[in-house]
Amino acid sequence: MAPKYAIGVDYGTESGRAVLVDLTDGTEVADHVTPYPHNVIDEQLPDSNVKLEFDWALQHPGDYIEVLKQSVPAVMKASRVDPADVIGLGIDFTACTMLPVDAAGTPLCFKPELKDQPHSWVKLWKHHAAQDEANLINEIAEQRGETFLPRYGGKISSEWMIAKVWQILDEAPELYEQTDMFLEATDWVVFQMTGNKVRNSCTAGYKAIWHKQDGYPSREFFKALNPQLENLTETKLRGEVVPLGTKAGELTPEMAGLMGLKPGIAIAVGNVDAHAAVPGVGVVSPGKLVMAMGTSICHMLLGTEEKRVEGMCGVVEDGIIPGYMGYEAGQSAVGDIFAWYVEQGVPAYVKEAAEKEGVNVHEWLEAKASDYQPGETGLLALDWWNGNRSVLVDTDLTGLLIGCTLLTKPEEIYRALLESTAFGTRKIVDAFQDNGVEVHELCACGGLPQKNRLLMQIYADVTNREIKIADSKQTPALGAAMFGAVAAGAAQGGYDTIVEAAQKMARVRKDTYKPIPENVAVYELLYQEYSKLHDYFGRGENNVMKRLKAIKETTA
Ligand SMILES: Nc1ncnc2c1ncn2[C@@H]1O[C@H](COP(=O)(O)OP(=O)(O)O)[C@@H](O)[C@H]1O
Ligand SMILES: O=C(CO)[C@@H](O)[C@@H](O)COP(=O)(O)O
């Protein structure tokens, strides 16, 4: 039989990419990236004078369709694979990236009369302007002794569905009324391809407080938030929640025409980028922490029991791989911090030197920073440039750099920023380990492990654990393609379970990063210092970061 193929489409923060995968062994035959034409909308609405407030991050739903229109035909063309041999397609997305739609499923921002209303647009995962609502959700849930709270590390994040929905109700009640449904963007794109509105158990579980046995929180809880939210889950969040790997439907003739595929192929229910990466890197059993390392890091882990872990993003039964508890934690900014420094903090001479040497600024700084030993810069940083997702779960926390002198060099600051993110990951590893969810080894995927060797060695040294690296450059997309193959099923040339698909299709590289004992010893000392700063600024002893933000908001 001719080999069969599946396509995985990975929707990142700034771009979407499609990968065409051979189902016999996971070979990535072709890939193509489409940058989102409108990128992240965080200052002004498109074609409008409307300026956005601080902490907003929106997207244009049309950009997601553009990825299907450009990247899918591009991989078909590059691979010369016969469309008849493509049996399934899966997607993965950033989350919670959500949007309000009308009864026909049309995004409200597409309506001319609503396009100047910021709340009609897609709220990207890193939209952090619903922190007030998140704080209240946590306060009320705690007062009421809601049993869901421990499943989310004790706090519901402002990045998630309920806080974002409530912000819309608070600030744009008319738009809330006009909304027929709030959808995760991943479910909306699947709806565009199939005509079926199906909610996936992964985003519902991790981002919308849905539980396999208990469903959503009670009406009473929502009523306690705001009486207008009492019926939220039966109305604007209604819809069947189905497990990962389920076939959401078949590709419609219209979309097949746009994408250069055959109508009728299996489309898997939506998934989250980090979660799709777990089978993508071949992890289908407990003890191996998968780090999807890009603009942010998501830390994914399988376990056999539901444990309480401070500040984890969530534990969801079957949330990653059926049969296991799926744990998620994360850091809201990692690559984004390095990008900030490269764009905003580096002197002109660094940019000139990098250009002269034919490398980018990251590469130049990495090379220079590699000449330092751990501790030699005298610097230490807190990695909260975009708040803290785990373990403090507080988007109002901000960045900190300590130890600068008149002799401090840009590469030293760059190194301190790399180290700060490794310390943030160590906090997460320790939180799991201390609460009985074992972490034996780390598996890294995403853009960063391909780009920065120093960063990966620092992570091995700081966590004192070996790190395996995914062989795929597009691990979430590979995982999404696996789910596409499962949606198609073995009878069509796909697979019946994600475990089988991962065993056949995933690979890690032979070379790994191993901790260097001398470095581990110094980083242990630095980590103790990091922990003191972490608790001092993050656990209420000195709320200077919040006070500065409050002053900024009143004077802006
Ligand atoms: N050489 C480098 N070292 C460290 N970070 C880098 C380097 N090059 C790019 N980055 C960062 O990588 C991030 C993008 O990661 P990537 O995995 O490609 O994207 P995404 O998270 O959107 O999927 C950006 O935040 C960028 O600052
Ligand atoms: O929050 C999640 C997953 O739960 C991610 O979608 C979010 O951190 C964005 O990931 P990227 O940094 O774009 O890889």
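The values are calculated or read from the model by the stated rules, or taken from the named source; none is laboratory data. No experiment lies behind these values; they were computed from the predicted model shown. As a convention, Cβ positions derive from the backbone with ideal geometry for all residues, glycine included, and neighbour counts pool all protein chains shown. Keep in mind that these areas ignore ligands, DNA and RNA; they rest on the heavy atoms of the full protein, side chains included. Shrake-Rupley method; radii C 1.70, N 1.55, O 1.52, S 1.80 Å.
Specify which of the listed residues (425, 395, 408) is open to solvent by 10 Å² or more (accessible area, probe 1.4 Å), modelled with pLDDT of 95 or more and assigned by TED's automatic domain parsing to the domain that holds residue 292.
Details: 425 fails: open to solvent by 10 Å² or more (accessible area, probe 1.4 Å); 395 fails: modelled with pLDDT of 95 or more.
Being open to solvent by 10 Å² or more (accessible area, probe 1.4 Å), modelled with pLDDT of 95 or more and assigned by TED's automatic domain parsing to the domain that holds residue 292 holds for just one of 425, 395, 408, which is 408.
How many of the residues in the range 442-477 are open to solvent by 10 Å² or more (accessible area, probe 1.4 Å), part of a helix (DSSP H, G or I) and within 13 Å of ligand 2 (Cβ to nearest atom)?
Of the residues in the range 442-477, 2 are open to solvent by 10 Å² or more (accessible area, probe 1.4 Å), part of a helix (DSSP H, G or I) and within 13 Å of ligand 2 (Cβ to nearest atom).
State whether one or more residues within the range 214-235 are in contact with a helix residue (DSSP H, G or I) (Cβ under 9 Å, 6 or more places away or on another chain), within 30 Å of residue 477 (Cβ to Cβ) and of a type in the set (Lys, Arg).
So far as the range 214-235 goes, no, none of its residues is in contact with a helix residue (DSSP H, G or I) (Cβ under 9 Å, 6 or more places away or on another chain), within 30 Å of residue 477 (Cβ to Cβ) and of a type in the set (Lys, Arg).
Which members of the range 317-340 meet the condition of being among the aliphatic types (A, V, I, L, M) and either in contact with a Leu (Cβ under 8 Å, 6 or more places away or on another chain) or away from ligand 1 (no atom under 16 Å from the Cβ) (or both)? Before you say what the answer is, go through the steps one by one.
Taking the range 317-340 first, the residues among the aliphatic types (A, V, I, L, M) are 320-321, 325, 329, 333-334, 337, 339.
Residues satisfying the conditions are 320, 321, 325, 329, 334, 337.
Scan 63, 42 and give me the residue that is within 23 Å of residue 297 (Cα to Cα) and either within 16 Å of ligand 1 (Cβ to nearest atom) or modelled with pLDDT under 95 (or both).
42
Which of the residues spanning the range 316-340 are over 30 Å from residue 201 (Cα atoms) and open to solvent by less than 10 Å² (accessible area, probe 1.4 Å)?
Within the range 316-340, the first condition is being over 30 Å from residue 201 (Cα atoms), and the residues that meet it are 337-340.
Passing the criteria: 337, 338.
Residue by residue, here is whether (1) outside the structural domain of residue 419 (by TED's automatic domain parsing); (2) in contact with a strand residue (DSSP E or B) (Cβ under 7 Å, 6 or more places away or on another chain) holds:
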residue: 446; (1), (2): no, yes
residue: 451; (1), (2): no, no
residue: 464; (1), (2): no, no
residue: 485; (1), (2): yes, yes
residue: 497; (1), (2): yes, no
residue: 511; (1), (2): yes, no
residue: 533; (1), (2): no, yes
residue: 547; (1), (2): no, no
residue: 550; (1), (2): no, no
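Considering only residues that are of a type outside the set (S, T, N, Q) and assigned to a loop (DSSP other than H, G, I, E, B), which ones fall in the range 199-232?
208, 209, 210, 212, 214, 216, 217, 230
What number of residues in the range 295-315 are open to solvent by 10 Å² or more (accessible area, probe 1.4 Å) and touching a Cys at 6+ places or on another chain (Cβ under 9 Å)?
Looking only at that region, the number is 1.
Can you spot a residue in the range 336-344 that is away from ligand 2 (no atom under 12 Å from the Cβ), of a type in the set (Ser, Thr, Tyr) and not in a loop (DSSP other than H, G, I, E, B)?
yes
Filter the range 361-388 down to the residues that are within 14 Å of ligand 1 (Cβ to nearest atom) and closer than 30 Å to residue 132 by Cα, then identify the one that is least open to solvent (accessible area, probe 1.4 Å).
Applying the filter and picking the extreme gives 383.
Yes/no per residue for (1) within 16 Å of ligand 1 (Cβ to nearest atom); (2) under 26 Å from residue 453 (Cα atoms); (3) part of a loop (DSSP other than H, G, I, E, B):
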{"position": "238", "(1), (2), (3)": "no, no, yes"}
{"position": "263", "(1), (2), (3)": "no, no, yes"}
{"position": "274", "(1), (2), (3)": "yes, yes, no"}
{"position": "285", "(1), (2), (3)": "no, no, yes"}
{"position": "308", "(1), (2), (3)": "no, no, yes"}
{"position": "312", "(1), (2), (3)": "no, no, yes"}
{"position": "315", "(1), (2), (3)": "no, no, no"}
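Residues of the range 1-18 being within 15 Å of ligand 2 (Cβ to nearest atom) and modelled with pLDDT of 95 or more, which ones? If you could, list the steps in order and put the result at the bottom.
Taking the range 1-18 as the starting set, the residues that turn out to be within 15 Å of ligand 2 (Cβ to nearest atom) are 8-17.
Correct list: 8, 9, 10, 11, 15, 16, 17.
Any residue at all in the range 197-211 that is open to solvent by 10 Å² or more (accessible area, probe 1.4 Å) and over 30 Å from residue 487 (Cα atoms)?
no
Take the residues in the range 157-182 that are touching a residue at least 60 places away in the same chain (Cβ under 8 Å) and not in a helix (DSSP H, G or I), then tell me which one is farthest from residue 109 (Cα to Cα).
Once the filter is applied, the top-ranked residue is 157.
Which pairs turn up if I take residues in the range 66-88 that are touching a residue at least 40 places away in the same chain (Cβ under 8 Å) and look for partners that are of a type in the set (Lys, Arg) with beta carbon separation below 8 Å, at least 6 apart in sequence or on another chain?
67/17; 71/17; 83/262; 84/262; 85/4; 86/4; 86/262; 87/4
Is there a residue being open to solvent by 30 Å² or more (accessible area, probe 1.4 Å), closer than 30 Å to residue 77 by Cβ and in contact with a Ser or Thr (Cβ under 8 Å, 6 or more places away or on another chain) anywhere in the range 235-245?
No: the range 235-245 contains no residue that is open to solvent by 30 Å² or more (accessible area, probe 1.4 Å), closer than 30 Å to residue 77 by Cβ and in contact with a Ser or Thr (Cβ under 8 Å, 6 or more places away or on another chain).
Out of the range 273-293, which residues are open to solvent by 10 Å² or more (accessible area, probe 1.4 Å), over 18 Å from residue 513 (Cα atoms) and within 10 Å of ligand 2 (Cβ to nearest atom)?
273
Among 52, 58, 68, 45, which is in the same structural domain as residue 16 (by TED's automatic domain parsing) and within 16 Å of ligand 2 (Cβ to nearest atom)?
It is 58.
To keep it simple, each residue is scored yes or no on (1) closer than 25 Å to residue 331 by Cα; (2) within 16 Å of ligand 2 (Cβ to nearest atom); (3) within 20 Å of the chain's Cα centre (by Cα).
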residue: 479; (1), (2), (3): yes, yes, yes
residue: 498; (1), (2), (3): no, no, no
residue: 504; (1), (2), (3): no, no, no
residue: 508; (1), (2), (3): yes, no, no
residue: 521; (1), (2), (3): yes, no, no
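Count, please, the residues in the range 120-133 that happen to be surrounded by fewer than 22 Cβ atoms within 10 Å (Cβ to Cβ) and assigned to a helix (DSSP H, G or I).
Residues in the range 120-133 being surrounded by fewer than 22 Cβ atoms within 10 Å (Cβ to Cβ) and assigned to a helix (DSSP H, G or I): 2 in total.
(1) within 16 Å of ligand 1 (Cβ to nearest atom); (2) out of contact with any strand residue (DSSP E or B) (no Cβ under 9 Å at 6 or more places or on another chain): which one isn't true of residue 299, the others all being true?
Here residue 299 clears every test but (2).
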